[in-house]
Amino acid sequence: MSSDRILIVTQHFWPEAFRVNDLAAGFIERGYGVDVLCGLPNYPKGEWFPGYRYTGPRRETHDEVNIIRAGEIRRKGNTGLRIFLNYVSWPVCAVFNLWRLKGPYAAVLCYNTSPVLMNLPAILYAKAHRVPLTSYVLDIWPENLYSVLPVKNAFLRAVARGVSDWHYRRCDRLIAMSESLRRRLCRRTGKPETAVAVIPQHCEDFYARPIRDERLAARFAGRFNLVFTGNFSPAQSLETVIKAAVKARAAGAEGLRLVLVGDGMSADSLKALAEELNAGDTVEFWPSVPPERVPAYTALADALVASLSDTEDLGMTVPAKIASYMAAAKPILASMNGEGAAAVAAAGCGLVSPAADADALAANMEALCAAPDEERAEMGRKAFAYYQDHYRRRAVLDRLEEFILRGNCV
């Protein structure tokens with residue numbers, strides 16, 4: 001146990017559904033005091049969560065975590081302009097809220113989803129107070145930017161690269177989610193390997209506890225259910241999954257149903273695609289649910305689907321979804337390249353196809369649908385075993401604690 005305090009800087013925090021919520025809870029359980037500098041909840045729809053507006057509340061306590069909220073321009077409509085304004089506004093507002101942080105802190109951790117700019121307030125605070133800063137690089141920039149905003153201008157791309165590298169270099173330590181990402185960060189920043197650790201995202205324990213929901217069980221009965229849960233964004237390439245499901249049904253997998261549980265900026269276009277393909281009997285859209293309710297859907301799945309767009313940067317990380325799917329002990333259909341595909345293949349827990357290849361994914365859907373029950377059950381057992389070895393919460397927290405507080409890369 002420790003009396004030290006940790007400052008977490010991240011734009012997204014409770015009640016938004018990000019794994020940083022569980023990290024903060026984990027540090028609290030280990031005896032640390034935790035302050036979080038974050039934004040106002042409006043992700044992914046761009047609407048203020050109930051009880052919130054631009055004016056606040058700006059200070060809260062949740063499960064012993066002290067939350068300090070800075071303003072931001074919400075993502076309303078999820079247009080390119082609104083996302084850009086959201087990306088820029090929060091770091092600027094957060095800088096003007098640094099005075100509200102009381103400290104002292106033993107370490108600063110930036111939980112760095114997009115944008116890279118959210119490192120800025122963490123950098124300024126850490127440098128001013130001489131506190132070691134670790135950035136958990138979950139979305140590598142500027143590459144990840146281009147999967148959301150299609151920036152083509154060479155000058156703007158050069159600016160984005162320069163700004164991104166500036167932020168990474170000024171962090172004392174970086175955390176990468178794969179060895180390939182670690183090599184890229186070392187190359188771009190000039191940091192030694194000892195300053196860049198490879199630590200995957202952990203999986204919250206509740207994903208490994210199935211929930212029995214009789215209403216859902218009745219709805220899902222009598223068919224082969226492929227389930228996707230999470231954010232509907234361009235990076236997920238869910239149009240590939242929808243097209244593949246339609247192809248698999250047409251090829252003879254008559255019992256197959258694709259169940260998409262979630263929401264996000266691509267929701268409207270995906271529903272339009274399903275309508276265009278006359279996929280009403282094949283594809284079902286279910287609203288977003290709290291993470292704790294996801295096991296009610298994965299428990300009824302015959303297989304779980306994970307997909308990513310065909311971009312090099314996305315291939316450098318294992319999506320957090322893979323870990324939670326493995327915890328559910330179900331076969332996985334992975335439509336992606338790189339580290340995520342390699343993890344599924346190494347675990348032997350499913351079938352892998354190249355990113356954005358609807359034909360190959362459809363063939364895997366057909367094969368898994370036709371596979372014997374025992375073969376699929378064995379895939380599920382292997383998935384759970386891999387989760388226990390690589391993604392369990394306690395082991396990942398051990399490594400994070402050792403690295404961000406003591407700089408030991410274990």
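The values are calculated or read from the model by the stated rules, or taken from the named source; none is laboratory data. Being a predicted model, the structure only gives us computed values, none of them experimental. Backbone-built Cβ (ideal geometry, glycine too); neighbour counts: all protein chains shown. Protein only, heavy atoms only, side chains kept; ligands, DNA and RNA dropped before computing areas. Shrake-Rupley method; radii C 1.70, N 1.55, O 1.52, S 1.80 Å.
Of the residues making up region 236-261, those that are in a strand (DSSP E or B), under 18 Å from residue 308 (Cβ atoms) and in contact with a helix residue (DSSP H, G or I) (Cβ under 6 Å, 6 or more places away or on another chain) number 2. Taking the conditions exactly as written (modelled with pLDDT of 95 or more, over 30 Å from residue 383 (Cα atoms) and among the small types (Gly, Ala, Ser)), does residue 122 satisfy them or not? In short, yes. Residue 365 - would you say it is open to solvent by less than 10 Å² (accessible area, probe 1.4 Å), under 20 Å from the mean Cα position of the chain (by Cα) and modelled with pLDDT of 95 or more? Criteria not met by residue 365.
For region 202-214, the set of residues classified as acidic (Asp, Glu) and either open to solvent by 70 Å² or more (accessible area, probe 1.4 Å) or over 30 Å from residue 294 (Cβ atoms) (or both) consists of 214 only.
Scanning region 382-399 for residues that are modelled with pLDDT under 95, of a type in the set (A, V, I, L, M, F, W, C) and open to solvent by less than 40 Å² (accessible area, probe 1.4 Å) yields a count of 2.
When the residues of region 173-201 are filtered to those that are among the β-branched types (Val, Ile, Thr) and open to solvent by less than 10 Å² (accessible area, probe 1.4 Å), the one that is farthest from residue 132 (Cα to Cα) is 199.
Restricting region 320-349 to residues that are open to solvent by 20 Å² or more (accessible area, probe 1.4 Å) and of a type outside the set (A, V, I, L, M, F, W, C) leaves a set whose member that is nearest to the chain's Cα centre (by Cα) is 321. Would you check if residue 305 is open to solvent by less than 20 Å² (accessible area, probe 1.4 Å), under 17 Å from the mean Cα position of the chain (by Cα), among the β-branched types (Val, Ile, Thr) and under 25 Å from residue 277 (Cβ atoms)? Here the answer is yes, as residue 305 does meet what is asked. Highlighted here are the strands (runs of 3 or more DSSP E) found entirely within region 12-126 that include at least 2 residues which are aliphatic (A, V, I, L, M): 33-38, 65-69, 107-112. Of the residues 96, 27, 18, 49, the single one that is in contact (Cβ under 8 Å) with a residue 12 or more places away in the chain and open to solvent by 60 Å² or more (accessible area, probe 1.4 Å) is 96. Of the candidates 359, 310, the single residue that is touching a Ser or Thr at 6+ places or on another chain (Cβ under 9 Å), part of a helix (DSSP H, G or I) and surrounded by fewer than 20 Cβ atoms within 10 Å (Cβ to Cβ) is 359.
Tell me which residues, restricted to region 151-175, are of a type outside the set (D, E, K, R) and in contact (Cβ under 8 Å) with a residue 60 or more places away in the chain. If the condition is that a residue be of a type outside the set (D, E, K, R) and in contact (Cβ under 8 Å) with a residue 60 or more places away in the chain, then 171, 175 are the ones that fit. Given (1) under 17 Å from the mean Cα position of the chain (by Cα); (2) aliphatic (A, V, I, L, M); (3) open to solvent by 60 Å² or more (accessible area, probe 1.4 Å), where does residue 73 come up short, assuming only one miss? Among (1) under 17 Å from the mean Cα position of the chain (by Cα); (2) aliphatic (A, V, I, L, M); (3) open to solvent by 60 Å² or more (accessible area, probe 1.4 Å), the lone unmet condition for residue 73 is (1).
Of all residues in region 262-299, count the ones that are open to solvent by 60 Å² or more (accessible area, probe 1.4 Å), in a helix (DSSP H, G or I) and closer than 18 Å to residue 234 by Cα. Matching residues across region 262-299 total 3.
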